[in-house]
Amino acid sequence: MIRACLFDLDGTLLPMDTESFVHHYLQELASHVADVVSPDKLVRYLWEATEAMIRNSEAHKTNEEVFVEHFLQLAGVSKEEIWPHFDRFYDEHYPKLKTHVEPTPLSRRVVEAALEKGYKVAVATNPVFPRVAIMERLRWAEVDDLPFEWVTVYEDMHFCKPRPEYYREIADRLGVRPEECVMIGNDMQEDMVAQTVGMKTFYLNQCRIDRGHPVYQPDQEGSMEELLSAIREGTGVFSD
């Protein structure tokens, strides 16, 4: 029996061309800290520190701790020198990136339908961003005011997609077994991997991302409209 719905954010609740969005995000961020670290170096350090988060298997370290440790070591600067620039960017400039996403009212309807059915609902976005950035994207998706049980942000999580431990950690936070969860997302490798811990999966075929390997067989596939119908009618992975 399904007790919890896990929704990916980028490309799922918030339709976007993820590659294009990340490009604009890095370009904007780099220009705002150019006085501390040159743009070309900053982008490289950000990617390397992010990769360190994704590879991390130490459960006692949050993603934030892993990222900060690796980034500062690579950049050769102190946190006091550069973090105020990051904070200012997220507060003042990050909201302007909304022009690079394509919100849909269906996202709110889908989440509301899951809540009406009594499911515990979590935002299972890859926690490689700070809370302020993820909450801003939830605002763009017009779902930020909904009563999510949990939102995965890098300050709190200890693993990233596509590690199976990421999905186990969410289930633990929600107080359910993985087998009682449905992971809903548009990324074959990062989202459908949830089935390796026993979760059901719904592969959203809009804004889909598939790198070719590994290949998973989703329990269900469809559009946002079909997802909404399945939740409301209790069909497919949402059937009792």
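The values are calculated or read from the model by the stated rules, or taken from the named source; none is laboratory data. This is a predicted model, so every value here is computed, not measured. Every residue, glycine as well, gets a Cβ built from its backbone with ideal geometry; the counts of neighbours run over all protein chains shown.
What's the number of the condition Val68 fails, among (1) hydrophobic (A, V, I, L, M, F, W, C); (2) surrounded by 17 or more Cβ atoms within 10 Å (Cβ to Cβ); (3) in a helix (DSSP H, G or I)?
(2)
Quick check on my filter: what residues within the stretch 28-48 are within 21 Å of Asp91 (Cα to Cα), part of a helix (DSSP H, G or I) and either assigned by TED's automatic domain parsing to the domain that holds Val128 or of a type in the set (D, E, K, R) (or both)?
Correct list: Glu28 only.
Has the stretch 149-172 got any residue that is closer than 19 Å to Met1 by Cα, β-branched (Val, Ile, Thr) and in contact (Cβ under 8 Å) with a residue 40 or more places away in the chain?
Yes, there is a match, as at least one residue in the stretch 149-172 is closer than 19 Å to Met1 by Cα, β-branched (Val, Ile, Thr) and in contact (Cβ under 8 Å) with a residue 40 or more places away in the chain.
Only residues that are more than 16 Å from Leu9 (Cβ to Cβ) and in a strand (DSSP E or B): list them for the stretch 209-238, please.
Within the stretch 209-238, Gln220, Glu221, Gly222 qualify.
Here are Gln206, Gln189: which of them is in the same structural domain as Pro130 (by TED's automatic domain parsing), within 23 Å of Val101 (Cα to Cα) and assigned to a helix (DSSP H, G or I)?
Gln189
Here is a yes/no grid of residues against (1) at pLDDT below 95; (2) surrounded by 20 or more Cβ atoms within 10 Å (Cβ to Cβ); (3) of a type in the set (Lys, Arg); (4) under 30 Å from Leu228 (Cβ atoms):
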| site | (1), (2), (3), (4) |
| --- | --- |
| Met16 | no, yes, no, yes |
| Arg44 | no, no, yes, no |
| Ser57 | yes, no, no, no |
| Leu74 | no, no, no, no |
